[in-house]
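Heads up, the thing below is written out as structure tokens.
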Number of protein chains: 12
Amino acid sequence: MSVAKVTEIIASSNKSFDDAIENGIERASQTLKNVSGAWVESQKVVVNDGKVTEYRVAMKVTFILKD
Amino acid sequence: MSVAKVTEIIASSNKSFDDAIENGIERASQTLKNVSGAWVESQKVVVNDGKVTEYRVAMKVTFILKD
Amino acid sequence: MSVAKVTEIIASSNKSFDDAIENGIERASQTLKNVSGAWVESQKVVVNDGKVTEYRVAMKVTFILKD
Amino acid sequence: MSVAKVTEIIASSNKSFDDAIENGIERASQTLKNVSGAWVESQKVVVNDGKVTEYRVAMKVTFILKD
Amino acid sequence: MSVAKVTEIIASSNKSFDDAIENGIERASQTLKNVSGAWVESQKVVVNDGKVTEYRVAMKVTFILKD
Amino acid sequence: MSVAKVTEIIASSNKSFDDAIENGIERASQTLKNVSGAWVESQKVVVNDGKVTEYRVAMKVTFILKD
Amino acid sequence: MSVAKVTEIIASSNKSFDDAIENGIERASQTLKNVSGAWVESQKVVVNDGKVTEYRVAMKVTFILKD
Amino acid sequence: MSVAKVTEIIASSNKSFDDAIENGIERASQTLKNVSGAWVESQKVVVNDGKVTEYRVAMKVTFILKD
Amino acid sequence: MSVAKVTEIIASSNKSFDDAIENGIERASQTLKNVSGAWVESQKVVVNDGKVTEYRVAMKVTFILKD
Amino acid sequence: MSVAKVTEIIASSNKSFDDAIENGIERASQTLKNVSGAWVESQKVVVNDGKVTEYRVAMKVTFILKD
Amino acid sequence: MSVAKVTEIIASSNKSFDDAIENGIERASQTLKNVSGAWVESQKVVVNDGKVTEYRVAMKVTFILKD
Amino acid sequence: MSVAKVTEIIASSNKSFDDAIENGIERASQTLKNVSGAWVESQKVVVNDGKVTEYRVAMKVTFILKD
């Protein structure tokens, strides 16, 4: 039976929340093998001069541990 | 006074979370009448080979019961 | 040391959740100075005739209080 | 051993929260057999011209499934 | 400086939630001195033959400990 | 698209929780325009000499911001 | 893209929590097609004469809706 | 109308979570009359040398107060 | 295997939260044997004339029950 | 019967959490009358070069509204 | 004074939840020293053809960091 | 756009919660670069002979990942 590990990251984008998630998955997959999914923990935006300049998503990324 | 029912579904899309929600509403409206709204319970992505392949949204859909 | 205030708004859009958030920040920045960010509390959609007609986001907006 | 089902409804009344719950139980019992109880999930009021015009209760209704 | 104790009870009534709370306070005050207040944890109803027969409130009762 | 503001108040009554909510809405409507509704955050009672002397409701009141 | 439905049941057993879950899945599968899984919401025991006589599990069961 | 009290205990076992719950009910029933049930708050294991040596369950035990 | 009891208290101090916790442990240990620890549930301050006059901590105190 | 308002602030200090709370109360009392108390929502520290440089407390401040 | 690290894993078994936890501890102890315990975050089952085929436990594993 | 990682630790001190947090940040900074902050998850004390002997803080530490 498999065991998976869960790691929490905060990814960002200046375009959208969906884009921030894709950035996070891409970065995580550079160092982690067998990334299987992620679920959103929280969503935040950074604001400057009345405009949204950054979308931030805290997400828990799951990857399968090989024996 | 009206009574509404709440049903929980998990809808998916390979494009975005917003699209997953629209898919869910469309599917729910095929079998349910008077769907009035839905709120997001949780958001998850499925990953293959370092890429997001599926956006999944758990949502509670509300529809008004006719007497 | 600074003190920031947190105010809760519910912003909407007929396009997407991200657009609803931008509408909310824009409206808040009309009356509040030094808006620094916001985090999403909840996300809801309004449905008419089986279609999503409105995206609603409850968000907590943070702004720095000047002495 | 028994299995019970849980269904979520939103009931309303223009009198009180307790009355909204009774309306909900009455409506649920029209279509469901063996309703055994319900617990309150959330309570909301609708306001018009500074007056409460509607009490709304989201509740989880439990009913025993016959084999 | 004072220290208060918190005890959790589940009180019931066949009239209303408010009445159930008053029953609970009355019963708690028979055995506890210096009861100062209580807050509602959850609210449940018991149903028989499609009618609400019992209102149940889980509540945390606070009382001040004398030195 | 509209933007609504959410403000949190704690209203009280010596009669009932429902009455406390009505007091809160009435008071909020004295200073706020376009109050559309409120949802209950928490419910507490104050006790003196074994009797409930005050019903307190923490509630989030929503009002629509005019452009 | 698929849409799944989530239904909540309370299953019981006089042996163990695991057995209660299996009873619940078995009962759900009698009426629902494509049950894919379930997650535990809460766990409760009923006690008589100082002994556990019933294990109860509230669980959310997921099943895939066919188009 | 009855009033029940709720007391929180942490019970343990070196066999299983179910066994820990039975130990807790048995111990509670030595000092409390009319124990009617309990629900699980949290579940923890203690580990030594890579092996689970203890199952711990925090549980809220309910018992009916006699007038 | 041991069974521990959990009791909830609200302790206060006019100095600090840490001091309030120590007051609470000291008071609890006057009447309870084998107090092993406590965890913080919530933290509140009382204010008079713009100054903090009281630090209050709601805490769950654990003590081991002897057979 | 009184009505109180709740406002959320984020206060900071480079000394301690308690000091951050006092700064927040002091700042709130400059603009708000009848501040009666506050409870802690969350606690965060900012770190530079391995050292804590700022203690931040999100807190809900309560003040009584005069008729 | 010691510092411990917390890592989150999802362990599985085709026998029971307890067995899934033991598998998780065993796997974690292969790569981590001084594992002291774990607490259960959530419990899920996978179902095929109306039968539970897999018990999954999300758990937070604690291990002491050596200086 | 940056990606940050979140790691959870439990730090302790025999002086105070603030000191426990500083110990935790110091230990984390020995092995992690670019630690930017941390937020408190939970606070616990260990008690011996009626005295607080240890302050424990579970905290989520954030550090920026370099590309």
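The values are calculated or read from the model by the stated rules, or taken from the named source; none is laboratory data. Model, not experiment: these values are computed from the prediction. FYI the Cβ positions are ideal-geometry reconstructions off the backbone, even for glycines, and counts take in every protein chain you see. Remember, those area values only see protein heavy atoms, side chains included, never the ligands or the DNA or RNA. Shrake-Rupley method; radii C 1.70, N 1.55, O 1.52, S 1.80 Å.
Averaged across orientations, what area in nm² does the convex hull of the alpha carbons in chain G project?
Mean projected area for chain G: 4.6 nm², to one decimal.
Loop-only check: which trypsin sites (Lys or Arg not before Pro) in the range G:9-44 are DSSP coil with at most 10 other Cβ within 10 angstrom?
G:33
When chain F is modelled as a GNM with alpha-carbon springs shorter than 10 Å, which of F:24, F:50, F:37 fluctuates the most?
Ranking F:24, F:50, F:37 by mean-square fluctuation puts F:50 first.
Ignoring ligands, DNA and RNA, please state the percent of accessible area on the protein assembly as shown from carbon and sulfur, probe 1.4 Å. Before the final figure, lay out the partial values.
Numbers: 16210 of 35580 Å².
In the protein assembly as shown, the share of accessible area belonging to carbon and sulfur is 46 percent.
Out of residues 5 or more away from residue E:65 or on other chains, whose amide H comes under 5 Å of its own, with H placed 1.01 Å from N in the peptide plane?
Here E:3, E:4, E:5 satisfy the definition.
Using +1 on the beta carbon of Lys and Arg, -1 on that of Asp and Glu, and nothing else charged, what's the dipole of the protein assembly as shown about the Cα centre, debye to 20?
It comes to approximately 0 debye.
Could you tell me how far the Cα centroid of chain H sits from the Cα centroid of the range G:1-48, in Å?
23
Check the axis relating chain I to chain D and name the residue of I whose C-beta is nearest, distance in whole Å.
Looking at chain I's Cβ atoms against the axis toward D, the nearest is I:42, 12.
Over all pairs of distinct alpha carbons, what does the Kirkwood formula give as the hydrodynamic radius of the protein assembly as shown, in Å?
By the Kirkwood definition, the hydrodynamic radius is 28.0 Å.
Rounding to the nearest 20 debye, state how big the charge dipole of chain C is about its Cα centre with +1 on each Lys and Arg Cβ and -1 on each Asp and Glu Cβ.
160
Rounded to whole Hz and in sequence order, give me ³J(HN,Hα) for the range L:45-62 from the Karplus expression 6.51 cos²θ - 1.76 cosθ + 1.60, θ = phi - 60°, writing x for Gly and Pro.
Values, residue by residue: 10, 9, 10, 9, 6, x, 10, 6, 10, 7, 9, 10, 10, 8, 9, 9, 9, 10 Hz.
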